[in-house]
1. Would you mention how many residues in the stretch 95-116 are open to solvent by 50 Å² or more (accessible area, probe 1.4 Å), of a type outside the set (A, V, I, L, M) and in a helix (DSSP H, G or I)?
2. Just name the residue that is least open to solvent (accessible area, probe 1.4 Å) out of those in the stretch 353-365 that are of a type in the set (Gly, Ala, Ser) and closer than 11 Å to Gly158 by Cα.
3. Tell me which residues, restricted to the stretch 188-216, are of a type outside the set (Gly, Ala, Ser) and farther than 20 Å from Ala48 by Cα.
4. From the set of residues in the stretch 408-430 that are farther than 14 Å from Ala376 by Cα and not in a helix (DSSP H, G or I), which is most open to solvent (accessible area, probe 1.4 Å)?
5. All but one of (1) farther than 25 Å from Thr208 by Cα; (2) part of a helix (DSSP H, G or I); (3) touching a residue at least 24 places away in the same chain (Cβ under 8 Å) hold for Glu74, so report the exception by its number.
6. Which members of the stretch 142-190 meet the condition of being surrounded by fewer than 21 Cβ atoms within 10 Å (Cβ to Cβ), in a helix (DSSP H, G or I) and not hydrophobic (A, V, I, L, M, F, W, C)?
7. Of the residues Leu140, Leu144, Leu108, only one is in contact with a helix residue (DSSP H, G or I) (Cβ under 7 Å, 6 or more places away or on another chain) and within 30 Å of Glu66 (Cβ to Cβ); which?
8. Only one of these is over 30 Å from Ser436 (Cα atoms), open to solvent by 10 Å² or more (accessible area, probe 1.4 Å), in contact (Cβ under 8 Å) with a residue 60 or more places away in the chain and out of contact with any Phe, Trp or Tyr (no Cβ under 8 Å at 6 or more places or on another chain): Pro211, Pro199. Name it.
Amino acid sequence: MSDTSSNQMWGGRFAAGPDAIMEAINASIGYDQRMAAQDIAGSRAHAAMLAAQGIITDSDANTIREGLLTVLSEIDSGTFEFSTALEDIHMNVEARLKALIGEPAGRLHTGRSRNDQVATDFRLWVRDQLDAAEKGLLALISALVDQAEAGADWVMPGFTHLQTAQPVTWGHHMMAYVEMFARDLSRVRDARVRMNESPLGAAALAGTGFPIDRHMTAEALGFDRPMANSLDAVSSRDFAIEFLSVASISAMHLSRFAEELVIWSSAQFRFVTLSDRFSTGSSIMPQKKNPDAAELIRAKIGRIFGANVALMMVMKGLPLAYSKDMQEDKEQVFDAADNWMLAMAAMEGMVKDMTGNRASLEEAASAGFSTATDLADWLVRETGLPFRDAHHVTGALVALAESKGCDLPDLSLEDMQAQNSAITDGIFDVLTVHKSVASRTSYGGTAPAQVRAQVARWKEVLK
């Protein structure tokens, strides 16, 4: 086959033939340049350790340190020229360092490999993202606590199956999400502790014969300790998968709340008004105010779930130790991290800006026989009726009210006594939504007093 036909086979994108294909599939600099700061931090720690151990001279270590700071400055200022031919961030930095300082740059890689170097950089980057996620979750939790405090005694319908079930308070509903995001926060903190070990010094896979001090580099980089097995150090990516798992669970919570905001802001519900900052209009229908931010949060969550599955699929069949497949770990994590951080920030903004429509919430809470359970509880408490029998009587009264086109409080005492003669006019004291929520005083219940107690507890935590 001629060179011409070969080039045509590869396609116009790769007119130069197989070499261009290989360069394109092999290079990761297009995305792993995001780890530049972490790569340079790792190299600085490694150089300082090499000098402390007498493996390189103090003079070379100082020259390397100054050169690395210059490279970082160039990258930060946008003047650094990244090269696809140099494959990745590590080789790009090393090549530029050599151009700046000459021979000492060649001593920097003593006692390490790109395998432990990339594992270290990636852990540092993921650790930074966990720290950012912690801040984002705390800000979102704070916004929810503020909403809960403002509406601790507002009544609204509580739903099961998206059907009106029992009245709850706005504050109680907001605090439900506080608890969900608090568990996300706990997972973030747990994951950070578990992944905070240093791979640096594991070298290619077997360690090194140079007298390096891995504890020194671990401490310099803020790790708790060096990883105990060099094979594991270069080949494990479970820290990244755990990050994606934590992100996925948190994203699921964000998506559930986003779905509620889409429903609540509709003309049919009118539970909330979202600010103009997080809504858009229609190009053709002037009356529309679309909850686009909530909808985009709901959609972007799929990318985070996808990244989680994708990285597990990359890793599931890899023997120890390092394989080039693992180059495919970063794009998934970078994209998921970007979208998780964005979704958290957007949700925090919506929660801070949104206005609960108290009148609409109360009107909805009073509809749909929402106090039926209170009626059944009253029959048990006041007449001694077994709960199953009370449930039957209540069901009959709901059916009667439905046939009359009214709600339970609108039935007459005679109507109720026709179903059970022991009913007294005291029943009407429990059939208002405010009395209903005020009665739910069990720990974690919807009563305003309980909501305010949980708000106070969280405000202390957030201090």
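The values are calculated or read from the model by the stated rules, or taken from the named source; none is laboratory data. Remember, it's a predicted structure, so these values are computed and weren't measured experimentally. Glycine gets a Cβ as well: all are built from the backbone with ideal geometry, and neighbour counts include every protein chain shown. Surface areas here come from the heavy atoms of the whole protein model, side chains and all, with no ligands, DNA or RNA. Shrake-Rupley method; radii C 1.70, N 1.55, O 1.52, S 1.80 Å.
1. Residues flagged as open to solvent by 50 Å² or more (accessible area, probe 1.4 Å), of a type outside the set (A, V, I, L, M) and in a helix (DSSP H, G or I) within the stretch 95-116 amount to 6.
2. So the first thing to find is which residues in the stretch 353-365 are of a type in the set (Gly, Ala, Ser), and the list is 356, 359-360, 364-365.
In the following step, the residues that additionally are closer than 11 Å to Gly158 by Cα were identified as 364-365.
Working: Ala364: 27, Ala365: 0 Å².
For the stretch 353-365, the residue satisfying everything is Ala365.
3. Step one: list which residues in the stretch 188-216 are of a type outside the set (Gly, Ala, Ser), which gives 188-190, 192-197, 199-200, 205, 208, 210-216.
Val188, Arg189, Asp190, Arg192, Val193, Arg194, Met195, Asn196, Leu205, listed by residue number.
4. Ser421
5. (3)
6. Ser142, Asp146, Glu149, Glu179, Arg183, Ser186, Arg187, Arg189, Asp190 - these are the residues of the stretch 142-190 that are surrounded by fewer than 21 Cβ atoms within 10 Å (Cβ to Cβ), in a helix (DSSP H, G or I) and not hydrophobic (A, V, I, L, M, F, W, C).
7. Working: Leu140 fails: within 30 Å of Glu66 (Cβ to Cβ); Leu144 fails: within 30 Å of Glu66 (Cβ to Cβ).
Answer to the selection: Leu108.
8. Numbers: Pro199 fails: open to solvent by 10 Å² or more (accessible area, probe 1.4 Å).
After ruling out the rest, the residue left standing is Pro211.
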